[in-house]
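The next block holds one structure in the form of structure tokens; read it before the comments.
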Amino acid sequence: MDLDASGSGGWRFAQCFGDKGDVEDITEADIISTVEFDSTGNYLATGDKGGRVVLFQRNESKKGCEYKFYTEFQSHEPEFDYLKSLEIEEKINKIKWCKRQNSAHFLLSTNDKTIKLWKVFEKTLRVVSESNHFEGQRPLPAPTSSEHLRLPRMSLQDNIIAAMPRKVYSNAHTYHIHSISINSDQETYISADDLRINLWNLGISDQSFNIVDIKPVNMEELTEVITAAEFHPQHCNMFMYSSSKSNIKLADMRDSALCDRHAKCLGFEEEEDPSQRSFFSEIISSISDVKFSRDGRYILSRDYLSLKIWDINMESRPLKTIPIHDHLRGKLCDLYENDCIFDKFECVWSGDDKHVLTGSYHNFFRIFDAETTNDVVLQADKSAFKAKKVGGPLQANKNGLKNGRPGGLRDQMQMETLDFNKKILHASWHPRENTIAIAATNNLFLYSAA
């Protein structure tokens, strides 16, 4: 993927799904809360705050990487915990696809408390077309003897896409589930909340093993929480988890049953300059997302102000630190007041591990070359539709230049008029092509590059 002079890096807007009205008119339930390509890239899933899962399928009849609606189902409903007097939201926190074994699709979806394994498959509907009382729609006289009796005949009426919950994994988390990750063995997965990580077998829903527990005996001594967790893409015994204390721990399940105390954990932790410390230091250094590269050698982490690339064999410091929100350092007070400082931005690797992506405010998102850290700034908004209509490159990037020189979108990112209600928190990268799916409030944007 070459970076072209227009600043758009060859990226073009491809599609947008969802209501294209103003942000003020958006229903809370329609806001997209997670987005995920499957391992082939032929299917794409989104989950929203209304508990719905929407699946899209690659449109093979079109040139390029285009998708069409496949099916939609209600994954979770709002619940009430009577013991704790707490409402449990239906919002989908994460979706993970299982690798396809047959004609059906299997995927995990979770809200704050309950994980479900869904089977999505094509189903044939048949109806009775002939019987002893009807031939099609025409009524027949009742048969007068046994010789006139005939077997009913079925005929094909329709093909539908059905979704069934095959397993429901519940009552294993006291705190809100924020991460799920399927193992490379395709038999087990982990689920993580603020203080614990559990290991499940996909086929067993009433039993899980606690493999990390950082809850102190006295909750007043609590100093950190788990913020994200993920299995290694190749080694089924390894996983990592990040914490609010800006460190990442690698754990090996072969070493010990409880990986937080006894396993060989490599702590990736940076010392902070004392002169830079402030009331906000701990909040902005909390890691919001971690991802293994596809080959499992590197780790990508995102905190509020920056993106970091780590080598798993070098714990002392990151290979690269990429500033994302340096222009917001002077606004931390305001961001704390409006709660934006607690926003959890995700980060993703490209399918070939050569690029990384993360989001920002005002619907801006940035794609970086993992080697040179040259970047492309794009914006998921209505200007993309206009560019598509005229058939040119992304309109807002006409004057954009790379490497930090003055340019259209990079200048706009640092303006005072940023809309903090518009933010790109969730994204997914096609595993085999330069196609990205971006969740922008209630819209799903797709961009492609040659």
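The values are calculated or read from the model by the stated rules, or taken from the named source; none is laboratory data. This structure is a prediction, so every number in the text was calculated from the model and none was measured. Because the Cβ atoms are built from the backbone with ideal geometry, glycine has one as well, and the counts that use them run over all protein chains shown. Only protein heavy atoms, including side chains, enter the accessible area calculation; ligands, DNA and RNA are left aside. Shrake-Rupley method; radii C 1.70, N 1.55, O 1.52, S 1.80 Å.
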If you find the alpha carbon centre of the stretch 288-317 and of the stretch 328-378, how far apart are they in angstrom?
-> 14
Quick one: Karplus J couplings for the stretch 88-99, per residue in order, coefficients 6.51, -1.76, 1.60, θ = phi - 60°, nearest Hz, x for Gly and Pro?
-> 10, 5, 7, 3, 7, 7, 8, 10, 10, 7, 7, 5
Hey, which aspartates and glutamates would be in cross-link range of residue 320, C-alpha to C-alpha under 15 Å, not counting anything within fewer than 8 residues on its own chain?
-> 269, 270, 303, 311, 353, 369, 371, 375
In whole percent, the Cα-Cα distances of the chain spread across 10 Å bins from 0 upward as 4, 19, 29, 25, 12, 5, 3, 2, 1, 0
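R0 = 45 Å: FRET efficiency of residue 432 with residue 127, Cβ-based, nearest 0.05?
Working: r = 41 Å, r/R0 = 0.91.
For residue 432 and residue 127, the calculated efficiency is 0.65.
Counting only heavy atoms of protein chains, what accessible area per residue, in Å², does the chain have with a probe of 1.4 Å?
On the way: 22400 Å² over 450 residues.
Here the per-residue accessible area is 50 Å².
Near residue 236, within a Cβ-to-Cβ distance under 9 Å, what is the net charge of the other residues, with Lys and Arg +1 and Asp and Glu -1?
On the way: positive: none; negative: 185, 187.
With Lys, Arg at +1 and Asp, Glu at -1, the neighbours total -2.
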Separation in nanometres of the label points that stand 7 Å from Cα toward Cβ, at residue 157 and residue 79 = 3.3
Obtain the nm distance between the two label points defined at residue 371 and residue 224 by a simple spin-label model: each point lies 7 Å from its Cα along the Cα-to-C-beta direction.
-> 3.4
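Once you sort the root eigenvalues of the Cα gyration tensor of the stretch 20-122 as a ≥ b ≥ c, which label holds: rounded (a/c under 1.5), prolate (a/b larger than b/c) or oblate (the other case)?
On the way: a/c = 2.94, a/b = 1.43, b/c = 2.05.
Verdict is oblate for the stretch 20-122.
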Starting from the amide H of residue 48, placed 1.01 Å from N in the peptide plane, find each other amide H under 5 Å away whose residue is 5 or more places distant or on another chain.
-> 33, 92
Share of accessible surface on carbon and sulfur in the chain, whole %, 1.4 Å probe and ligands ignored, is 48
For the residue pair residue 60 and residue 257, what label-to-label distance in nm results when each label sits 7 Å from Cα along the Cα-to-beta-carbon direction?
-> 4.9
What dipole magnitude, in Debye to the nearest 20, does the chain give about its Cα centre under +1 on Lys/Arg Cβ and -1 on Asp/Glu Cβ?
-> 1660
Between their Cα atoms, which of 354/422; 245/308; 291/354; 20/49; 49/382; 116/422 are more than 21 Å away from each other?
-> 354/422; 49/382; 116/422
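Taking 0.36 nm per residue of separation and subtracting the Cα-Cα distance, what length does fully extending residue 175 through residue 103 add?
Numbers: separation 72, 0.36 × 72 = 25.92 nm, distance 3.56 nm.
Taking 0.36 nm per residue and subtracting the Cα distance, the gain is 22.4 nm.
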Residue span residue 148 to residue 207: 0.36 nm per residue of separation minus Cα-Cα distance leaves a gain in nm of 15.6 nm
In nm², what is the average projected area of the convex hull enclosing the Cα atoms of the stretch 114-263?
-> 14.9
